[in-house]
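To start, the structure under review is shown below, and the notes come after it.
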Amino acid sequence: MEPENKSEAKALKEKLFLKREHMAKVGGDELVDRAASFADGYMSFMSNYKTEREITTFFKEQAEAAGYTEFDKSKTYKAGDRVYRVNRGKDIMLCVFGKKSAAEGVKIAASHIDSPRFDLKPNPLYESEELALFKTHYYGGIKKYQWTTVPMSLHGVIIKEDGTKVTVRIGEDEGNPQFVITDLLPHLGREQMKRDSAQVVRGEECNILVGSMPFKDDQESELVKLNILKILNEKYGIVEKDFQTAELEVVPAYKAVDIGLDRSMIGAYGHDDKVCAYPAAISNFDVKDPEYTCVTVLTDKEEIGSDGNTGLHSSYFKYFIEDLAENAGAEGRDVLTRSKCLSADVTAAFDPTFPDVMDKYNCTYLNKGVGVCKYTGAGGKYDTSDCSAEFFGEVRRILDEKNVIWQTGELGKVDAGGGGTVAKYVAELNVDVIDIGVPVLSMHAPFEVVSKLDLYSAYQAFYEFFMAD
Ligand code: MN
Ligand code: MN
């Protein structure tokens with residue numbers, strides 16, 4: 001009797017229990033190979049494009065090569081036409097017109113292309129004891145101590161007095177110099193190590209080392225600073241005052257690499273949220289003859305609250321949808337009300353080294369597929385859009401029908417902390433929206449880790465969402 005009972009239980013378990021399986025066990029070598037080849041493209045992208053401006057430019061060029069043209073609301077578009085719009089060089093919207101009119105609502109994938117980093121202060125350059133440094137202002141939520149002694153590169157733009165724009169990118173190419181935030185040696189770190197961990201390295205201690213060589217043999221003061229300005233003047237034609245009308249960002253200089261002897265993971269700077277932005281853009285390029293108009297929006301400023309006219313809390317995205325609506329002879333608010341959105345942003349993966357912050361029944365794991373989360377936020381579900389069961393059900397059916405492996409979870413334990421996404425700003429437009437994204441280890445560190453399988457699952461999810469009837 002006993003073996004029969006066991007198999008009955010086994011059969012019943014198979015019918016009733018939720019399965020959370022490793023993607024490789026479900027999809028086998030074929031899926032692993034497809035994921036690895038998709039990851040190759042992603043890693044090359046991650047090694048070369050690091051800031052919202054660079055990523056916007058990259059996808060604009062990719063879009064143009066794929067037949068997208070700049071959206072012109074006076075033109076008439078037909079099913080299959082592809083358009084894009086760039087907002088202030090820091091956001092890009094990619095759009096493929098569906099067989100149905102945009103008046104029926106559009107499918108949206110929204111993701112952010114800014115990542116935690118250090119911005120230069122308006123008057124960054126100073127000299128102390130014949131070392132030249134840049135003062136910085138950190139951008140986004142970071143554990144500052146993680147960012148010291150990391151090789152860094154400098155990116156951004158400088159607007160000169162005559163209005164001309166200089167684009168800066170130093171530290172990424174072979175042979176370029178790089179930069180670093182120094183830290184105290186342990187031998188003299190006794191007092192520092194007694195500080196509260198948020199204070200181990202303070203904001204005002206995040207200074208970037210940029211030089212140590214004085215200008216010639218001269219009796220003037222600040223000759224190292226002078227020499228740095230001379231180098232910058234020769235290279236870019238700038239003077240010190242031009243820093244005030246610049247946006248210069250300091251980010252880790254290294255390239256994306258395979259992690260693990262089995263090469264199953266990717267280590268890189270800025271997976272949050274390029275690991276969602278990249279598949280959200282590529283899936284837009286890949287859709288063919290969709291029923292609904294498909295829009296990917298890659299946005300700036302999520303890491304600092306989505307405020308400002310390049311963040312998703314501004315109207316730039318709403319205006320784009322309104323223009324699509326007008327073009328289709330519909331009201332913007334009607335199109336938005338009928339629209340559906342995947343808010344594509346990373347989630348925290350379970351880390352066996354730090355299990356205490358997670359509810360192991362309700363967190364996401366590496367290699368178990370893209371995480372679909374009903375809500376994010378903090379505390380008693382503050383600062384989030386809690387997706388309806390109806391819309392989650394619709395997304396679930398799309399993913400399950402197409403065999404996209406996915407999992408669900410919360411960011412961590414209820415009282416452990418929390419975090420938000422752009423979902424609530426999309427929901428504010430009366431769009432149905434759900435959070436979805438790739439689980440990340442060491443989120444917001446200068447070097448984050450994701451799984452290649454989860455990245456591919458995200459791509460599949462966005463693609464199938466776009467293509468669903
Ligand atoms: Mn994010
Ligand atoms: Mn983030």
With point charges of +1 on the Cβ of Lys and Arg and -1 on the Cβ of Asp and Glu, referenced to the Cα centre of the chain, which listed residue (Tyr254, Gln178, Gly189) lies farthest in the positive direction of the dipole? Tyr254
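Report the charge-dipole magnitude of the stretch 1-112 in Debye, nearest 20, computed about the Cα centre from +1 at each Lys and Arg Cβ and -1 at each Asp and Glu Cβ. Spell out each step's value before the answer.
Values: 21 positive and 18 negative charges, 112 e Å.
The calculated dipole for the stretch 1-112 is roughly 540 debye.
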Filtered GluC sites (Glu not before Pro), the stretch 261-347: DSSP coil and at most 16 other beta carbons within 10 Å: Glu291, Glu331
Gyration tensor over alpha-carbon atoms, the chain, equivalent ellipsoid semi-axes in Å: 41, 30, 19
Show the residues, 5+ positions off or on another chain, whose built amide H is closer than 5 Å to the amide H of Thr347. Val438, Val440
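Divide by every residue of the chain the summed helix terms, -39500 (n - 2.57) for each DSSP H run of at least 4, and state the resulting mean residue ellipticity at 222 nm, rounded to the nearest 500 deg cm²/dmol.
Values: 10 runs with 137 residues, N = 469.
Result for the chain: -9500 deg cm²/dmol, rounded to the nearest 500.
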Over all directions, average the projected area of the Cα convex hull of the stretch 344-427 and note it in nm². 5.7
Sequence neighbours fewer than 8 away in the same chain don't count; with that in mind, list the aspartates and glutamates whose C-alpha is under 17 Å from Lys381. Asp359, Glu410, Asp415, Glu428, Asp435
With a point put 7 Å past each Cα toward its Cβ, work out how far Lys25 is from Lys99 in nm, to one decimal. 3.9
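Just to confirm, what accessible area per residue do you get for the stretch 351-469 at 1.4 Å probe, in whole Å²? Show your work: numbers first, answer last.
Details: 5190 Å² over 119 residues.
Solvent-accessible surface per residue comes out at 44 Å².
Within the stretch 344-429, report the GluC sites (Glu not before Pro) that DSSP leaves as loop and that have at most 15 other Cβ atoms within 10 Å. Don't skip to the answer; put the middle values down first.
Numbers: sites: Glu390, Glu394, Glu401, Glu410, Glu428; in loops: Glu410, Glu428.
Answer in residue order: Glu428.
Which of the residue pairs Lys340/Lys360; Lys144/Lys255; Lys60/Lys165; Lys143/Lys301 have a Cα-Cα distance greater than 24 Å in the structure shown?
Values: Lys340/Lys360 30 Å; Lys144/Lys255 21 Å; Lys60/Lys165 19 Å; Lys143/Lys301 19 Å.
Going by Cα-Cα distance, Lys340/Lys360 fall outside the 24 Å limit.
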Dipole of the stretch 84-126, positive direction: furthest Cα of Tyr126, Tyr84, Ala103, with charges on the beta-carbon: Ala103
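Kindly work out what percent of the DSSP beta bridges joining two residues of the stretch 7-113 are antiparallel, to the nearest 5. Walk me through the numbers before you get to the answer.
On the way: 6 of 8 bridges.
If we restrict to bridges inside the stretch 7-113, about 75 percent are antiparallel.
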Carbon-plus-sulfur fraction of the accessible area of the stretch 355-469, 1.4 Å probe, in percent? 48
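Calculated FRET efficiency, Gln199 and Tyr126, Cβ-Cβ r, R0 30 Å, to nearest 0.05? Kindly include the intermediate steps, with their values, before the conclusion.
Numbers: r = 22 Å, r/R0 = 0.75.
FRET efficiency, Gln199 to Tyr126: 0.85.
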Lysines whose Cα lies under 21 Å from that of Lys160, excluding same-chain neighbours fewer than 8 positions away: Lys90, Lys121, Lys135, Lys225, Lys230, Lys235, Lys241
Contour excess over end-to-end distance, with Cα ends at Asp323 and Ala11 and 0.36 nm allotted per residue: 106.9 nm
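If a helix is a whole DSSP H run, which ones in the chain reach 24 Å or further along their own axis (Cα) and hold a mean Kyte-Doolittle hydropathy of at least -0.5?
23-48
Under the rule that an exposed site lies in a DSSP loop and has at most 14 other Cβ atoms within 10 Å, name the longest stretch of the chain with no chymotrypsin sites (Phe, Trp or Tyr not before Pro) of that kind, not counting the sites themselves. Please report the intermediate quantities before stating the final value.
On the way: sites that count: Phe17, Tyr361.
The reported range is 18-360.
Report the charge-dipole magnitude of the chain in Debye, nearest 20, computed about the Cα centre from +1 at each Lys and Arg Cβ and -1 at each Asp and Glu Cβ. Mind showing how you got there, number by number?
Numbers: 57 positive and 77 negative charges, 133 e Å.
Value, rounded to 20: 640 debye.
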Kindly report, to the nearest 10 Å², the accessible surface of Asp217 as traced by a 1.4 Å probe over protein heavy atoms only. 140
Given labels modelled 7 Å from the Cα in the Cβ direction, how far is it in nm from Thr337 to Lys165? 3.8
Once the in-chain neighbours fewer than 8 apart are removed, the aspartates and glutamates whose Cα is under 14 Å from Lys78 read Asp289, Glu291
For the stretch 260-379, give the magnitude of the charge dipole about the Cα centre (Cβ charges: +1 Lys/Arg, -1 Asp/Glu; no others), in debye to the nearest 20. 320
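The values are calculated or read from the model by the stated rules, or taken from the named source; none is laboratory data. What you see is a predicted model, and the numbers here were worked out from it, not measured in a lab. Using ideal geometry, Cβ is built from the backbone for each residue, glycine included, and neighbour counts are taken over all protein chains shown. Calculation scope for accessible area: heavy atoms of the full protein, side chains included, ligands and nucleic acids excluded. Shrake-Rupley method; radii C 1.70, N 1.55, O 1.52, S 1.80 Å.
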